[in-house]
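> Following this message is one structure expressed as structure tokens.
The values are calculated or read from the model by the stated rules, or taken from the named source; none is laboratory data. This one's a predicted model, so the numbers in the text were calculated from it and none came from an experiment. Virtual Cβ from ideal backbone geometry, glycine too; neighbours counted across all protein chains shown. Side chains included, ligands, DNA and RNA excluded: accessible areas come from the protein's heavy atoms. Shrake-Rupley method; radii C 1.70, N 1.55, O 1.52, S 1.80 Å.
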Amino acid sequence: MSKPVPGGVSDIVLSLADCKQLLGLRYAEWCSATPTLEADIAAAAMGLDDLGHSRVLAGCLSELGSDPRGPERETEPGAYRNVAFLDQPWTEWNQFVAANAILDTAFTVMIESLVEGPVEVLRTRLRKMLAEERYHFLHGRSWLNEIGPDPAVDQAWTEAVEWLGPEGGELRKRLAAKLERPEPKLSVDWSRWDPIRRRSRPGAIDGHTFDMLRGLEERRYGVTHAEATAGG
Amino acid sequence: MTMTRVHRKVREYDVFARKARVDPLRHVGRVVAPDDDLAQAYARATYDEERWVEMVIVPREAVITVTAPGEE
């Protein structure tokens, strides 16, 4: 580590990693359910990208000093530091678009600021993500124009602003500039804001997703030791 | 799950790519999209079988045919 890490960077990187992991999973859930075959393929590709980004971000934690991940992540879904928009599977295509256009872009704005920042490991390792995120942005912005005003968009934007934090004014401006539209009138209650999870809404990821994150869902379909022994 | 309407108007784009700078761009496929942004996203997602050094898309309507198959 060439330079001291500013306080809180590990927490932001872990939240970014958790958000990207959940975003990747949510994209993947839609890879056969979007309105067009091309968007199905894009959902799968973006899902793979974001799962990869999550792994890279998590891999940076050990070089940022203390790793904020504790044992509670194995038992407590609320230990994940994702925005509330990713807690549950999306039931509407407009939710996919809102997450893709607003939240994914907010995460990119944060990554840009980390790449421009003083921490060497982040400056070097996160740069490639920005090239991949360009396609997520093009996809999200185009579909955002297609769906028009929608409550899901306002909800995603509110959560993006919360996630950027009470001191994220410059990042909020950058988000609106990228999306080429003014920030909507939002109601954010900073007194309820959790600085670790970077959200004000309580709640946590659903049980099915939490099991998947811990590898328990895959085991249901795997060959058990008893079956393997009996078959051999 | 509610499906939204699919785009009212779309364009066809040809996708060209090359693996190395010394290679010529070659036609790798087509995508259909309502605008250039989505066409880029779809082209990149669909034709990712190689580590291309360059990929471009061209709206089919911008292509001017000089000679066509069967012409003398």
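> Looking only at the range B:34-72, count every residue that is more than 26 Å from A:Glu146 (Cβ to Cβ) and touching a Leu at 6+ places or on another chain (Cβ under 8 Å) and tell me the total.
Counting residues in the range B:34-72 that are more than 26 Å from A:Glu146 (Cβ to Cβ) and touching a Leu at 6+ places or on another chain (Cβ under 8 Å) gives 1.
> Tell me which residues, restricted to the range A:131-164, are surrounded by fewer than 18 Cβ atoms within 10 Å (Cβ to Cβ) and more than 14 Å from chain B (Cβ to nearest Cβ).
A:Asp154
> Additional query: Can you spot a residue in the range A:93-112 that is free of Cβ contacts under 8 Å to residues at least 12 places away in the same chain, over 18 Å from A:Ala17 (Cβ atoms) and assigned to a helix (DSSP H, G or I)?
Scanning the range A:93-112 turns up no residue that is free of Cβ contacts under 8 Å to residues at least 12 places away in the same chain, over 18 Å from A:Ala17 (Cβ atoms) and assigned to a helix (DSSP H, G or I).
> Condition first: among the small types (Gly, Ala, Ser) and over 15 Å from A:Arg125 (Cα atoms). Now tell me which residues in the range A:44-96 satisfy that.
A:Ala44, A:Ala45, A:Gly47, A:Gly65, A:Ser66, A:Gly70, A:Gly78, A:Ala79, A:Ala84
> From B:Tyr47, B:Tyr42, grab the single residue that is in contact (Cβ under 8 Å) with a residue 24 or more places away in the chain and under 12 Å from the mean Cα position of the chain (by Cα).
B:Tyr47
> Test A:Asn82 against the criterion of being within 14 Å of another protein chain (Cβ to nearest Cβ), touching a residue at least 40 places away in the same chain (Cβ under 8 Å) and crowded, with 17+ Cβ neighbours inside 10 Å, and give yes or no.
No; evaluated as a whole, the condition is false for this residue.
> May I pose another question? Out of all the residues in the range B:20-55, which are open to solvent by 80 Å² or more (accessible area, probe 1.4 Å) and either in contact with a Lys or Arg (Cβ under 8 Å, 6 or more places away or on another chain) or closer than 12 Å to A:His139 by Cβ (or both)?
Once the filter is applied, which keeps residues that are open to solvent by 80 Å² or more (accessible area, probe 1.4 Å) and either in contact with a Lys or Arg (Cβ under 8 Å, 6 or more places away or on another chain) or closer than 12 Å to A:His139 by Cβ (or both), the range B:20-55 yields B:Pro24, B:Arg26, B:Arg30, B:Arg51, B:Val53.
> Looking at A:Asp50, is it open to solvent by 10 Å² or more (accessible area, probe 1.4 Å), in a helix (DSSP H, G or I) and within 14 Å of chain B (Cβ to nearest Cβ)? Don't jump to the end; show me each part of the working.
Numbers: open to solvent by 10 Å² or more (accessible area, probe 1.4 Å): no; in a helix (DSSP H, G or I): yes; within 14 Å of chain B (Cβ to nearest Cβ): yes.
So A:Asp50 does not fit the description; no.
> For the range B:1-38, how many residues meet the condition of being facing chain A (nearest Cβ under 9 Å) and not in a loop (DSSP other than H, G, I, E, B)?
Residues flagged as facing chain A (nearest Cβ under 9 Å) and not in a loop (DSSP other than H, G, I, E, B) within the range B:1-38 amount to 7.
> Sticking with this structure for a sec: Inspect the range B:56-66 for any residue being touching a strand residue (DSSP E or B) at 6+ places or on another chain (Cβ under 9 Å), part of a loop (DSSP other than H, G, I, E, B) and either buried (at least 18 other Cβ atoms within 10 Å of the Cβ) or more than 8 Å from chain A (Cβ to nearest Cβ) (or both) and give the result as yes or no.
Yes - at least one qualifying residue is present in the range B:56-66.
> Sticking with this one: Look at the range A:29-47 and say how many of its residues are in a helix (DSSP H, G or I) and either more than 9 Å from chain B (Cβ to nearest Cβ) or open to solvent by 10 Å² or more (accessible area, probe 1.4 Å) (or both).
Here is the first cut: in the range A:29-47, the ones in a helix (DSSP H, G or I) are A:29, A:37-47.
This time we only want the ones that are either more than 9 Å from chain B (Cβ to nearest Cβ) or open to solvent by 10 Å² or more (accessible area, probe 1.4 Å) (or both), so: A:29, A:37-38, A:40-41, A:44-45, A:47.
Residues that pass the stated criteria total 8.
> Determine which single condition A:His139 fails, assuming it passes every other condition in (1) in contact with a helix residue (DSSP H, G or I) (Cβ under 6 Å, 6 or more places away or on another chain); (2) under 25 Å from A:Val188 (Cβ atoms).
Result: A:His139 fails condition (2) only.
> Please specify each residue of the range A:165-182 satisfying the condition of being over 10 Å from A:Ile102 (Cα atoms) and open to solvent by less than 10 Å² (accessible area, probe 1.4 Å).
Answer for the range A:165-182, where residues must be over 10 Å from A:Ile102 (Cα atoms) and open to solvent by less than 10 Å² (accessible area, probe 1.4 Å): A:Gly165, A:Gly168.
> What number of residues within the range A:53-72 satisfy the criterion of being open to solvent by 30 Å² or more (accessible area, probe 1.4 Å) and of a type outside the set (Asp, Glu)?
Step one: of the range A:53-72, the residues open to solvent by 30 Å² or more (accessible area, probe 1.4 Å) are A:55-56, A:59, A:62-63, A:65-69, A:71-72.
If we keep only those that are of a type outside the set (Asp, Glu) as well, we get A:55-56, A:59, A:62, A:65-66, A:68-69, A:71.
So the answer is 9.
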